[in-house]
Amino acid sequence: MKILEGSRAIAETINNIGPEVVSAYPITPQTHIVEDLAKLKADGLADYEYVRAESEFAAISIVEGAAAMGVRTYTATSSQGLLLMTEVLFNVAGMRLPMVLTCANRAVSAPINIWNDQQDAVTMRDSGWLMWFGEDNQEVCDLHILAYKVAEKLALPVMVNLDGFVLTHVVEPVEIESPAKIKKFLPRYKPQAVLDVKKPLTFGAFATPAHYFEIRQELHDDIVSSQKVIKSEMKKFKEIFGRQLGLIEYYGDKNAEIVIVAMGSVIGTIKDVADKLKKFGKKIGVLKVVSLRPFPDEEIIKALIKAKNIAVIDKSVSLGTEGILATEIRRALYGDKKKVVSYVMGLGGRDITEKMIEGIYSGIKKENKKVVLAGK
Amino acid sequence: MPQKSKYKAPLAHLVNPGHSACAGCGMIIASRLVLDAAGKNTIVTNATGCSEVTTTQYPMTAFKIPWIHSLFENPASLASGISAVLRKRGQEDKINVIAIGGDGATFDIGLGNISGMWERGDNVLYVCYDNEAYQNTGYQSSGATPLNAHTTTTPAGTKSFGSQLPKKNMIEIALAHNLPYVATATVGYPLDVIDKVKKTLAIKGPKYLQIYCPCVPGWGIEPKDTVKVSKLAVNSGFYPIVEFINGQLARKMTISKQEPVENFLKIQKRFKHLFASPGGQKEIARLQVIADYNIKKFGLI
Ligand SMILES: Cc1ncc(C[n+]2csc(CCOP(=O)(O)OP(=O)(O)O)c2C)c(N)n1
Ligand SMILES: [Mg+2]
């Protein structure tokens, strides 16, 4: 166990996972991760090629080229950087290149704002990437190890998200797994198709209406069925590393009628509130959604079976409608009579306090709006 | 005694027949020349455009080398990533990496990515097939479109002679990156293309080759005139064929008898409006000035 900054923990974990090519472009709050990776290389402690890119668009394209050669790659970004990558993100998923990207979640411009929310990541929801959100730095590091395993097994790219500053810049104890132990879980990468002069293949052909549909359908089906593989890998992860990961996690009273649903570090605050309320004999459940893609509908339906009033906290908003996680929860629960309220909070780094969470608990029954933008 | 033909059987090329390029397409000739000259130990990254869309309709491919297309603007970045892997494997000197893009991909939308790759010094040959417009999307103008050319976004009309902007000087941009090799060529002189590809691939580092490729429908020429138009472009001075090694002009294709630019213009529909109005003559004269300037600048006569 080491006590270190979240970014450092990620960098060391990535180095121990052993990518062959790393390429990135700096943007707050991702910077410390890619600086640490550069320093590890400069100090002779890393084996990867570190390719300095002239933009995020280039950075992800560089790792895309490397991935097509059949090697493990890594890149990280935030906010505007992720948006600049958009076109390539969709392309990578369509090409079925297994890649792992860290997004240090940050608000998007305008107004320009470097602080945390999750608008950047959720905006990429339909790109074909698996998208996971960690609650603390241990979980974030663990999700990275899992991400490579799942990506390489299913030929799907994985984006691991963590809240910018709240996690990237926070110092806490993290178990940094050794290369040897990681190797037990994540063996050498054996790619299925690569650019090779001995066996020439064509990557990125265009597809006419006669073929495009089935190719996209296959991607969709594989994302849906990835849940099974992810869960079985989580079991193996537990056996080797002793920590339980999940697509979701339910915390608190199993019979609670009020359940708060969220993603990322805010879950810590909500759990604290739940503990506090419990002392006063009040029942509240907390549902952490780790995986936005694949979206574990069945598990969520089961976890919310007793819930009557569901508050979904989003650090993002699909402008003009509601929080993106809220929409997903409503969709999963469609046909059920449960009350679901979308609380959009924490945009652009606004604090989400315990008091605000308590307010949701005490107010949701009487709340008659479907969507509440709660800045205070 | 049967003579050994100097021509390859169609399937012996690395770009196979069966592609859907137009009859007389300059780009497909360039692709074939470049890949045959580079040989089998080559990995290609390709931009979106005619070179991709005519060759790789799923589930078919015209290529017999490993080939990847991702997007319009990123073949240079993909090549950097591939080059990084080869460097790590110690295979940099054994396998060629060639990035291919049209003029739109090169002069315009992918320029930043190309600049990044050049700055990093990656061991990649970037080949631009210059057909002077976004031909794949229906002949719209690009930064490579010459002055006074009609394109669908710089149409000639009663108030316009077509493109109002001169061609962007991509060669100077390449030279500003201190590349060890920068050259132009044209499918009008195929042996020169082959020669340049072989020569440049022997040089380690980032390289740029810009190949002038007439576009039959975009320029409004006869399929049989691809070579003729290319030669007229060179011999009028309109498209100088030059070669720079370490920034110094090392070779140039000289002109024995300068063709008037008019001869080059008049067999292309994209310039036909210049012959339809009195003001057009003035514009032709402006184009002649550009050709004369090139001849003087590079000492082509
Ligand atoms: C980001 C993006 N913008 C626009 C396009 C549409 N597009 C596809 S090919 C092309 C033109 C390519 O021009 P060029 O590079 O000169 O190649 P050519 O078509 O002449 O072969 C355009 C505009 C695209 N695919 N991607
Ligand atoms: Mg073009």
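Listed here are the residues, each with its yes/no results for (1) assigned to a loop (DSSP other than H, G, I, E, B); (2) within 19 Å of residue A:226 (Cβ to Cβ).
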{"residue": "A:255", "(1), (2)": "yes, no"}
{"residue": "A:272", "(1), (2)": "no, no"}
{"residue": "A:278", "(1), (2)": "no, no"}
{"residue": "A:283", "(1), (2)": "yes, no"}
{"residue": "A:295", "(1), (2)": "yes, yes"}
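Scanning segment B:250-276 for residues that are β-branched (Val, Ile, Thr) and within 30 Å of residue B:180 (Cβ to Cβ) yields a count of 2. The test for being closer than 28 Å to residue B:215 by Cβ, at pLDDT 95 or above, within 9 Å of chain A (Cβ to nearest Cβ) and open to solvent by 10 Å² or more (accessible area, probe 1.4 Å) holds for residue B:71. Against the condition surrounded by fewer than 18 Cβ atoms within 10 Å (Cβ to Cβ), at pLDDT 95 or above and touching an Asp or Glu at 6+ places or on another chain (Cβ under 6 Å), how does residue B:251 come out, does it pass? In short, yes. Filter segment B:49-70 down to the residues that are within 16 Å of ligand 2 (Cβ to nearest atom) and touching a helix residue (DSSP H, G or I) at 6+ places or on another chain (Cβ under 7 Å) and list them by number. Selection gives B:49, B:50, B:51, B:54, B:69. Residue A:130 falls short on exactly one of the conditions (1) modelled with pLDDT of 95 or more; (2) loosely packed, with under 15 Cβ neighbours inside 10 Å, and that condition is (2). Taking residue A:87 and the conditions (1) in contact (Cβ under 8 Å) with a residue 24 or more places away in the chain; (2) open to solvent by less than 10 Å² (accessible area, probe 1.4 Å); (3) within 9 Å of another protein chain (Cβ to nearest Cβ), which numbered condition does it fall short on, given that it satisfies the others? Of the numbered conditions (1) in contact (Cβ under 8 Å) with a residue 24 or more places away in the chain; (2) open to solvent by less than 10 Å² (accessible area, probe 1.4 Å); (3) within 9 Å of another protein chain (Cβ to nearest Cβ), the odd one out for residue A:87 is (2). Picking from residues in segment A:25-73 that are open to solvent by less than 10 Å² (accessible area, probe 1.4 Å) and polar (S, T, N, Q), the one that is farthest from residue B:84 (Cα to Cα) is A:30. Working only within segment B:136-170, note down all residues that are away from chain A (no Cβ under 14 Å), surrounded by fewer than 16 Cβ atoms within 10 Å (Cβ to Cβ) and near ligand 1 (Cβ under 10 Å from one of its atoms). Hit for segment B:136-170 is B:138, nothing else. Take segment B:44-62 and flag every residue that is facing another protein chain (nearest Cβ under 8 Å), open to solvent by less than 10 Å² (accessible area, probe 1.4 Å) and more than 18 Å from residue B:110 (Cβ to Cβ). The answer is B:56, and nothing else. Could you list, in sequence order, all residues of segment B:261-301 that are closer than 23 Å to residue B:192 by Cβ and in a loop (DSSP other than H, G, I, E, B)? Within segment B:261-301, B:267, B:268, B:299, B:300, B:301 qualify.
If you go through segment B:89-135 and keep only what is within 12 Å of ligand 2 (Cβ to nearest atom), of a type in the set (Ser, Thr, Tyr) and open to solvent by less than 10 Å² (accessible area, probe 1.4 Å), you end up with just B:106. Being part of a loop (DSSP other than H, G, I, E, B), basic (Lys, Arg), away from chain A (no Cβ under 12 Å) and open to solvent by 10 Å² or more (accessible area, probe 1.4 Å) is the requirement here; does residue B:8 meet it? Yes.
Within segment A:281-293, residues that are in contact (Cβ under 8 Å) with a residue 60 or more places away in the chain and closer than 30 Å to residue A:157 by Cα have Cβ atoms under 6 Å from residues that are in a strand (DSSP E or B) and open to solvent by 10 Å² or more (accessible area, probe 1.4 Å) in these pairs: A:288/A:249; A:289/A:248, counting only partners at least 6 apart in sequence or on another chain.
Restricting attention to segment A:300-327, the residues that are assigned to a loop (DSSP other than H, G, I, E, B), open to solvent by 50 Å² or more (accessible area, probe 1.4 Å) and of a type in the set (Val, Ile, Thr) total 2.
Comparison of B:205, B:237 shows that the only residue that is assigned to a loop (DSSP other than H, G, I, E, B) and under 23 Å from residue B:33 (Cα atoms) is B:205. Scanning for something in contact (Cβ under 8 Å) with a residue 40 or more places away in the chain and either among the basic types (Lys, Arg) or within 9 Å of another protein chain (Cβ to nearest Cβ) (or both), does segment B:22-42 turn up at least one residue? Yes, segment B:22-42 contains a residue that is in contact (Cβ under 8 Å) with a residue 40 or more places away in the chain and either among the basic types (Lys, Arg) or within 9 Å of another protein chain (Cβ to nearest Cβ) (or both). Taking segment B:95-106 as the range and being within 8 Å of ligand 1 (Cβ to nearest atom) and either part of a strand (DSSP E or B) or hydrophobic (A, V, I, L, M, F, W, C) (or both) as the test, the residues that pass are B:101, B:102, B:105. Do we find that residue B:82 is farther than 17 Å from residue B:179 by Cα, within 10 Å of chain A (Cβ to nearest Cβ), among the aliphatic types (A, V, I, L, M) and open to solvent by less than 10 Å² (accessible area, probe 1.4 Å) in this structure? In short, yes.
Among the residues of segment B:218-254, which ones are in contact with a Lys or Arg (Cβ under 9 Å, 6 or more places away or on another chain) and of a type in the set (Asp, Glu)? Result: B:222, B:243.
Among the residues making up segment B:108-129, a single one is of a type outside the set (Ser, Thr, Tyr), near ligand 1 (Cβ under 8 Å from one of its atoms) and either more than 11 Å from chain A (Cβ to nearest Cβ) or out of contact with any Asp or Glu (no Cβ under 8 Å at 6 or more places or on another chain) (or both): B:108.
Which one of A:337, A:278, A:302, A:282 is touching a strand residue (DSSP E or B) at 6+ places or on another chain (Cβ under 8 Å) and either modelled with pLDDT under 95 or not assigned by TED's automatic domain parsing to the domain that holds residue A:126 (or both)?
None of the others qualify; the one that does is A:278.
A single entry from B:143, B:188 fulfils the requirement of being more than 14 Å from ligand 2 (Cβ to nearest atom) and not hydrophobic (A, V, I, L, M, F, W, C): B:188.
The values are calculated or read from the model by the stated rules, or taken from the named source; none is laboratory data. Small disclaimer: the values here were computed from a predicted structure and weren't measured. For neighbour counting, all protein chains shown are included, and Cβ atoms are generated from backbone atoms with ideal geometry for every residue, glycine included. Just the protein is used for accessible areas: all its heavy atoms, side chains included, with ligands, DNA and RNA removed. Shrake-Rupley method; radii C 1.70, N 1.55, O 1.52, S 1.80 Å.
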